[in-house]
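Some notes on the structure that comes next.
The values are calculated or read from the model by the stated rules, or taken from the named source; none is laboratory data. Being a predicted model, the structure only gives us computed values, none of them experimental. Virtual Cβ from ideal backbone geometry, glycine too; neighbours counted across all protein chains shown. Keep in mind that these areas ignore ligands, DNA and RNA; they rest on the heavy atoms of the full protein, side chains included. Shrake-Rupley method; radii C 1.70, N 1.55, O 1.52, S 1.80 Å.
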Amino acid sequence: MLLLDTSGSMLKDDKIEVLNDSVREMIAALKDADAHTGSIRLSVIAFGGPTAQTVIAHAPIAEVEFTTLQAGGRTPLGQAFARAEELVNDLEALPSNSHRPTIALVSDGLPNRDDDWRDQLERLIDHHRGAKATRFALGVGDDADRDMLAAFSGGLVHRAGDASKIRTFLQFVTMTVTEATVTGVVANASSVSGDTSIEELVWRDDDF
């Protein structure tokens, strides 16, 4: 599942263009990896403007046709978390014997001030399906909300100093998903030293 920031700030520095290209590359790589198993499903939630939109919901990766995302408006992150909670807990689409979900969040700014993202995130990660999900977070640029991203991921936040790192991050997530598909082993996004503070975890450049 991809939670993608499509607010107006993503129009700057080619971020939305790089994001769209990177998602297309990710889908192509997942299709190749899934060719013999048919086990990967993709959901995409875009949050920008007045509402968060479920762009793709539980689609078998082989059937995914990605439509270019447009950026503009504010950052309704709380709605994105609410939609993610609904999708993760859809037991008809994701039966109990499914692999645990992988959720990747990409954002370059702050959630709306009147947004209830904390409550919605708590609902997402308090449910047993959301709690078991492997969660990755990428902050693009220096204006991304460090605390929010750390709360989502459980600690570790990857940093993209410029738009080009969006592609590297999604390649990293793709590798994690494909390895899990082949081996059944899912990486732990929050496997960090207990002696490391949140401030040290957040906002350091990653080599992935």
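Considering the conditions (1) open to solvent by 10 Å² or more (accessible area, probe 1.4 Å); (2) without any contact (Cβ under 8 Å) to a residue 60 or more places away in the chain, residue 99 is excluded by exactly one of them, (2). When 47, 66 are screened for being in a strand (DSSP E or B) and either of a type in the set (A, V, I, L, M) or on the phi < 0 side of the Ramachandran plot (or both), only 47 passes. Listed by first and then second residue, the pairs with beta-carbon distance under 9 Å, at least 6 apart or on different chains, first residue in region 63-82 and free of Cβ contacts under 8 Å to residues at least 60 places away in the same chain, second buried (at least 19 other Cβ atoms within 10 Å of the Cβ) and of a type in the set (Asp, Glu), are 76/115; 78/115; 79/115. For region 12-44, taking the residues that are part of a strand (DSSP E or B) and aliphatic (A, V, I, L, M), the one that is farthest from residue 82 (Cα to Cα) is identified as 42. Of the residues screened, residue 85 is not one that is open to solvent by 90 Å² or more (accessible area, probe 1.4 Å), under 22 Å from residue 23 (Cβ atoms) and of a type outside the set (Val, Ile, Thr). Within region 112-136, residues that are of a type outside the set (D, E, K, R) sit with their Cβ atoms under 9 Å from residues that are at pLDDT below 85 and open to solvent by 70 Å² or more (accessible area, probe 1.4 Å), at 6+ positions apart or across chains, in these pairs: 133/100; 134/100; 134/188. So for region 49-60 (the condition being under 26 Å from residue 143 (Cβ atoms), buried (at least 22 other Cβ atoms within 10 Å of the Cβ) and modelled with pLDDT of 95 or more), does at least one residue qualify? Scanning region 49-60 turns up at least one residue that is under 26 Å from residue 143 (Cβ atoms), buried (at least 22 other Cβ atoms within 10 Å of the Cβ) and modelled with pLDDT of 95 or more. Applying the criterion of at least 1 residues that are charged (D, E, K, R) and modelled with pLDDT of 80 or more to the helices (runs of 4 or more DSSP H) found wholly in region 103-208 leaves 117-126, 128-132, 146-153, 164-183. Residues of region 1-15 that are open to solvent by 10 Å² or more (accessible area, probe 1.4 Å) and among the hydrophobic types (A, V, I, L, M, F, W, C): 1, 11.
None of 34, 21 is more than 15 Å from the chain's Cα centre (by Cα) and open to solvent by 20 Å² or more (accessible area, probe 1.4 Å) except 21.
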